[in-house]
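Taking it in order: structure first as structure tokens, then the write-up.
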Amino acid sequence: MSETFPEQYVPAQQPTAPYLEAVTAYGLRGSTRFHVPGHKGGAGADPGLRSALGENALLLDLPQDIQGIDVGPSPTPYERAETLAADAYGAARCWFLTNGASQGNHALCLALAGPGTRVLMQRNSHASVIDGLVLSGGRPSFVAPEYDPELGMAHGVEPRALERALQRTPGSVEAVFLVSPTYFGMATDIAGCAEVAHSAGVPLIVDCAWGSHFGFHAELPGSPLALGADAMLASTHKIVGSLTQSAMLLVSGSGRVDVDAVARTVRLLRSTSPNALLMASLDAARRQLAVHGELLLDRTIRAAAQTRAAIAAIPGCELVGEQFVGRPGIAGWDPLRLVIDVRGTGLTGYQVSNALRASYDIHVELATHATVVLVLGMGQPVESLERFAHDLAETLKLVSSSGGPSNPVPKRTVLTQPPVDLGHETAVSPREAFLGRSEAVAVQDAVGRISTEAVAGYPPGVPTLLPGELVTAEVVSYLRELIAAGARLHGAADPTFSTLRVLV
């Protein structure tokens, strides 16, 4: 099929990295610097820092507004880099973020959820979405994710559940915020949810922080934008390999999300001293993903499959993954996530994680009551994967020979389901609660009061309290149960959960 392009059309040159190349050209050519930063390319840096980071990293630590990088005839290298990223993901517009995907969630809330505006969000959304509503003044309603009480694991949202939630608040919802994939690598039916959202006349925003590689290999779920989402977040550093704290915000060409409005809010939240190293790493990671991503992903997926087979042969260990596809809330899975159900060993995930660290200096991404979770990079070193099953088996033997766990976990342990109505609304807006006068009170005295904190237990990670919600006796009991099981509380001002901040 032939295509006709306007004369000015230039095909995207994905093998190039214009921003990285421009920063490198300026940073390494020996220019005289009478601009910030004060270390002057490393000459004025502490010797220990210079030795730790290397000279090139300091030479490339450049401010914005350098001619030939982000200033000059348009398109500048910086503009070209963001355009290439948009092209790679099939987006109309991309913004490089230097404060993680959280910055993107904040920007989207400011653009889509002004004061009093109602948005519908998945209850196990990242805390940055609620933080964004604190900034914008928007009001959340919630749609429940599917929940596996046995593993203590929240999955995705079913299209039918989304439809019911939208019908519950007809004509008042301005945007839908969903999460896919989850921390455990389970992907939502984005195409089905997009159809539901669009039928209701609202845009679908997908926090794809853990799926920045989706759509770049046939064995992975598709990119949310390709499946109908109107905007997505990609934590490029998590899997694809940019530097920590870098991410991308991408908006489709559907027109349901106002690109100019998002551009304004991104500018509002962006530092006037963005880190050139972070942005150069985004440019480079995009190039590697677009040009060599399929090969690198294929190698990692093949190695991960062999590791799964070896882990499955270890007594007491089961893999959570592909066999879950088709269950409620799970339309796909990410083979770059190794989720190991360790309850058959008589140990908790916390105990296995601690033992791996003590025995082999292995650090997993996440431990829960029932599982340990390994996150693989796009170009995961195969040698470490090949060793892992052996190291896990030996670690379990060591624990067993030392007398085993003092409190073994029954194989079919069932975690209590979060005692919150995952579809309910806040008593006051998150902004009113967060910015209002508050006081710390004993947890038992907080019952019946309005929380000013966001508190989630890991596991299962479903927020149990959000700013603006009423504290109940059931919520207090549940969070205490999680702490007793070895979970930690995320977002609590008092991690011991002895006190809680509530509205005065």
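The values are calculated or read from the model by the stated rules, or taken from the named source; none is laboratory data. These numbers come from a predicted model, not from an experiment. Glycine gets a Cβ as well: all are built from the backbone with ideal geometry, and neighbour counts include every protein chain shown.
Being without any contact (Cβ under 8 Å) to a residue 24 or more places away in the chain, surrounded by 20 or more Cβ atoms within 10 Å (Cβ to Cβ) and touching a Gly at 6+ places or on another chain (Cβ under 9 Å) is not true of residue 331. Of all positions in region 262-274, none carries a residue that is in a strand (DSSP E or B) and not charged (D, E, K, R).
A count restricted to region 464-498 and to residues that are in a strand (DSSP E or B), touching a helix residue (DSSP H, G or I) at 6+ places or on another chain (Cβ under 8 Å) and surrounded by fewer than 17 Cβ atoms within 10 Å (Cβ to Cβ) stands at 1. For region 160-183, the tally of residues that are modelled with pLDDT of 95 or more, assigned to a loop (DSSP other than H, G, I, E, B) and either surrounded by fewer than 24 Cβ atoms within 10 Å (Cβ to Cβ) or not polar (S, T, N, Q) (or both) stands at 1. Being at pLDDT 85 or above, touching a strand residue (DSSP E or B) at 6+ places or on another chain (Cβ under 6 Å), among the polar types (S, T, N, Q) and not assigned by TED's automatic domain parsing to the domain that holds residue 116 is the requirement here; does residue 472 meet it? Against the criterion (at pLDDT 85 or above, touching a strand residue (DSSP E or B) at 6+ places or on another chain (Cβ under 6 Å), among the polar types (S, T, N, Q) and not assigned by TED's automatic domain parsing to the domain that holds residue 116), residue 472 does not qualify. Scanning region 223-246 for residues that are surrounded by fewer than 24 Cβ atoms within 10 Å (Cβ to Cβ), part of a loop (DSSP other than H, G, I, E, B) and in contact (Cβ under 8 Å) with a residue 40 or more places away in the chain turns up 226, 241, 245. Put simply, of 119, 157 the only residue that is assigned to a strand (DSSP E or B), closer than 16 Å to residue 202 by Cβ, in contact with a strand residue (DSSP E or B) (Cβ under 8 Å, 6 or more places away or on another chain) and not charged (D, E, K, R) is 119. Inclusion of residue 329 among residues that are under 13 Å from residue 151 (Cβ atoms), assigned to a helix (DSSP H, G or I) and in contact with a strand residue (DSSP E or B) (Cβ under 9 Å, 6 or more places away or on another chain) is not warranted. Checking the stated criteria, residue 150 turns out not to satisfy the condition of being modelled with pLDDT of 95 or more, under 27 Å from residue 369 (Cα atoms) and surrounded by fewer than 24 Cβ atoms within 10 Å (Cβ to Cβ). Checked against (1) surrounded by 22 or more Cβ atoms within 10 Å (Cβ to Cβ); (2) not in a helix (DSSP H, G or I), residue 426 passes all but condition (1).
Among the residues of region 356-380, write down those that are under 16 Å from residue 311 (Cα atoms) and not in a loop (DSSP other than H, G, I, E, B). Across region 356-380, the qualifying residues are 356, 371, 372, 373, 374, 375. For region 434-460, the set of residues classified as surrounded by 22 or more Cβ atoms within 10 Å (Cβ to Cβ) and either within 23 Å of residue 145 (Cβ to Cβ) or assigned by TED's automatic domain parsing to the domain that holds residue 110 (or both) consists of 451, 453, 454, 455, 456, 457, 459, 460, listed by residue number. With respect to the conditions (1) more than 25 Å from the chain's Cα centre (by Cα); (2) modelled with pLDDT of 95 or more; (3) surrounded by fewer than 16 Cβ atoms within 10 Å (Cβ to Cβ), residue 90 lacks only one, and its number is (1).
Within region 27-51, the set of residues being loosely packed, with under 10 Cβ neighbours inside 10 Å, farther than 18 Å from residue 65 by Cβ and small (Gly, Ala, Ser) comprises 30, 48.
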